[in-house]
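Q: Input: one structure, supplied below.
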Amino acid sequence: MAHTPTQEEAAVDSPHDDAGASSGHPGTARVEVVRPLGMSPAAQRGMAPAPVRRDRLRVALVSNGKVNGSELLLAVARHLGASLPDLEARHYRKPSVSVPATDEDIAEIAATADAVVAAIGDCGSCSSRTIRDAIDFEALGIPSVAIIADALVSPVDYMRRLSGMPDYPFAVTKFPVGNLTAEETEARAVVLAPEIERLLFTGRPARTHDGATPAATAHAEAETPNPETFGSADAALAEFYGRGWTDGLPVVVPTRAKVAQMLDTVGLPAGHVVFRIPTRNDLTVTAEVVAANAVMAGALPEHFPVVLAAARALGRPEYNLHGHTATLSGAQQIVIVHGPVRDRIGLNSGEGALGPGTRANATIGRALRLLVRNGARSVHGKFDRSTFGHPGRYSWCFGEAEDDSPWTPLTTEMGLPAGTDAVSLYASVWQSSVICHSRDAEELLGQLGLAARTACHVNWLHRDVATDSSFYAGRPFLFVVGHEHAAVLSAGGYTDKDTIRASLYARLTGPHETLRAAAVASPEQIRLVYVHATGMQQSWFFAPFQSHHLVTEPVGDQWRPTTEGKPR
């Protein structure tokens, strides 16, 4: 599908670096500016040779769990068998759409398969991950083909460039795939099978005499030095806009001095690695890159320890950064700040906390979003394929009002001592306000559960869809509870979060005449955060991106090593 890049998109085309600097404006002071981009190592990749024989071909069918993906793969295998005698197909299912296959499955495929077919790339995160799956199997010497929906070619193109294989071919089918009937799926397979056969057997390098896979060719691009010198701050700002490094709003130019001032508050060297994104070719974000984006957002140096903790949380494997920054659903990264640091930096955890007007909230949330854009290269039309977008993608940060909360804070639930300065990250795709003036706790819980369940029923967040999808693993529901609602619940005997969770879970998943059960796996997957917001008898339900875990990171010198896959 042809796509003409906008100026914004073209600016982030190079996965390793970007164009040179502007010459600036004469008569103004030259400035040294820190580039805010995550960097990927030069890729060393090439295609595997074709299978050595056409008969008794052993094909691994790698499904990402999307609806109709496995059915399409199995149908393709049946039609491949018509021209490839005695074909043996073995089906594998990944744990989620935006992660690799398990180590055990990869090892088995490497030991037994002659070829791989991976599907289906029909969403933002799964299309880029599906092509990466195929590329990774090529690196193991196994010729592979990914099946991609035509509407999702742009993230595939960017992943191919980032992975050092810009011309790597793939099979294309029409979008969408998930709502096809069995007959329509079969018809797609009839068309795809000969194309997949062609891609497996033609246009590939010859095998060496000893049967080994030829060495991959290097793909490297020259890097512009960091910092970069501009003729003036105005010239630097114009270049930042031209290269697509902003969110469209004005930014502060990240001069070398301002970035150094940020780094001084945490005592880290510029090159300290904060996180890497394995799926994106080990795209690496350093402390200097985090600081540059914080400066751009307008954050103050005293905000930076919080921004840095949020950046560490962003890189946690269980947070699934690649998945929810590449999705069609336009997920937002929600920053929740805990502990006394809220008061020290003036962060709002009361009235208006979810909206504008407080510098700490606005700039910390914005710094993280700029980091997603620049550090993780999630630019719309590339990895970011959000259909509508969301205003929360400019900035979304608020505090948990622990001081007058009737319940234990979220940090304690996540394994940190009470009173710890910390940051939690949550990925949400949509939100629903719940206004209820009842003074009865049971009625209030009924309304909270009904509002969330109704919204889930009409927004593809119900079990009838989710239980057949790998999206089901990792789906925390978040309720942000206002002051009056918290008072009604605690006065009604709901003085601990476990009893509230159990009640909400029953209302979200129990028998109902018209509403399907919400796709929440257990009461433990329900999170509650108290905000001292008064006057409206209101709470908010945050719907989760469908494959991630809420994560919490301590701030500053309270850092300790990350434990993957579970709260600490």
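Q: Could you check region 68-121 and list, in sequence order, the residues that are surrounded by fewer than 15 Cβ atoms within 10 Å (Cβ to Cβ), under 29 Å from the mean Cα position of the chain (by Cα) and closer than 22 Å to Glu184 by Cα?
A: Within region 68-121, His91 is the sole residue that qualifies.
Q: Of the residues Ser127, Ser154, which is part of a helix (DSSP H, G or I), touching a residue at least 12 places away in the same chain (Cβ under 8 Å), touching a helix residue (DSSP H, G or I) at 6+ places or on another chain (Cβ under 8 Å) and not charged (D, E, K, R)?
A: Checking each option against the conditions leaves just Ser127.
Q: A further question follows. Ala353: of a type in the set (A, V, I, L, M) and assigned to a loop (DSSP other than H, G, I, E, B), yes or no?
A: yes
Q: May I ask you to list the residues in region 342-383 that are of a type in the set (A, V, I, L, M, F, W, C), modelled with pLDDT of 95 or more and closer than 30 Å to Met39 by Cβ?
A: Ile345, Ala360, Ala362, Ile364, Ala367, Leu368, Leu370, Leu371
Q: Right, another one. I need the full set of residues from region 61-76 which are under 16 Å from Ile142 (Cα atoms) and either assigned to a loop (DSSP other than H, G, I, E, B) or of a type outside the set (A, V, I, L, M) (or both), in order please.
A: none
Q: If only one of Pro85, Pro143 is in contact with a Leu (Cβ under 6 Å, 6 or more places away or on another chain) and either of a type in the set (Gly, Ala, Ser) or closer than 18 Å to Glu195 by Cα (or both), which one is it?
A: Pro143
Q: I'm trying to understand the selection: among the residues of region 360-418, which are under 22 Å from Val429 (Cβ atoms) and charged (D, E, K, R)?
A: Those that are under 22 Å from Val429 (Cβ atoms) and charged (D, E, K, R): Arg366, Arg369, Arg373, Arg377, Lys382, Asp384, Arg385, Arg393, Glu400.
Q: Within region 130-150, track down each residue that is under 19 Å from Ala189 (Cα atoms) and in contact with a helix residue (DSSP H, G or I) (Cβ under 9 Å, 6 or more places away or on another chain).
A: Thr130, Ile131, Ser144, Val145, Ala146, Ile147, Ile148, Ala149
Q: Quick one: would you say Gly248 is more than 24 Å from the chain's Cα centre (by Cα), assigned to a loop (DSSP other than H, G, I, E, B) and surrounded by fewer than 20 Cβ atoms within 10 Å (Cβ to Cβ)?
A: no
Q: Checking Val97 against (1) of a type in the set (Val, Ile, Thr); (2) modelled with pLDDT under 95; (3) in contact with an Asp or Glu (Cβ under 7 Å, 6 or more places away or on another chain), which single condition isn't satisfied?
A: Val97 satisfies every listed condition except (3).
Q: Would you check which residues across region 43-60 are buried (at least 20 other Cβ atoms within 10 Å of the Cβ), more than 25 Å from the chain's Cα centre (by Cα) and in a strand (DSSP E or B) and list them?
A: Once the filter is applied, which keeps residues that are buried (at least 20 other Cβ atoms within 10 Å of the Cβ), more than 25 Å from the chain's Cα centre (by Cα) and in a strand (DSSP E or B), region 43-60 yields Val59, Ala60.
Q: Take the conditions closer than 28 Å to Arg507 by Cα, crowded, with 18+ Cβ neighbours inside 10 Å and within 15 Å of the chain's Cα centre (by Cα) and apply them to Val434. Does it pass?
A: Against the criterion (closer than 28 Å to Arg507 by Cα, crowded, with 18+ Cβ neighbours inside 10 Å and within 15 Å of the chain's Cα centre (by Cα)), Val434 does not qualify.
Q: Also: I need a count of the residues in region 77-122 that are assigned to a loop (DSSP other than H, G, I, E, B), free of Cβ contacts under 8 Å to residues at least 40 places away in the same chain, within 22 Å of Leu321 (Cβ to Cβ) and of a type in the set (A, V, I, L, M, F, W, C).
A: 1
Q: Shifting gears a bit: Filter region 388-400 down to the residues that are assigned to a loop (DSSP other than H, G, I, E, B), surrounded by 23 or more Cβ atoms within 10 Å (Cβ to Cβ) and in contact with a strand residue (DSSP E or B) (Cβ under 8 Å, 6 or more places away or on another chain) and list them by number.
A: Residues satisfying the conditions are Trp396, Glu400.
The values are calculated or read from the model by the stated rules, or taken from the named source; none is laboratory data. The model shown is predicted, which means the values in this text are computed figures rather than measured ones. No Cβ is skipped: glycine too gets one built from the backbone with ideal geometry, and neighbour counts run over all protein chains shown.
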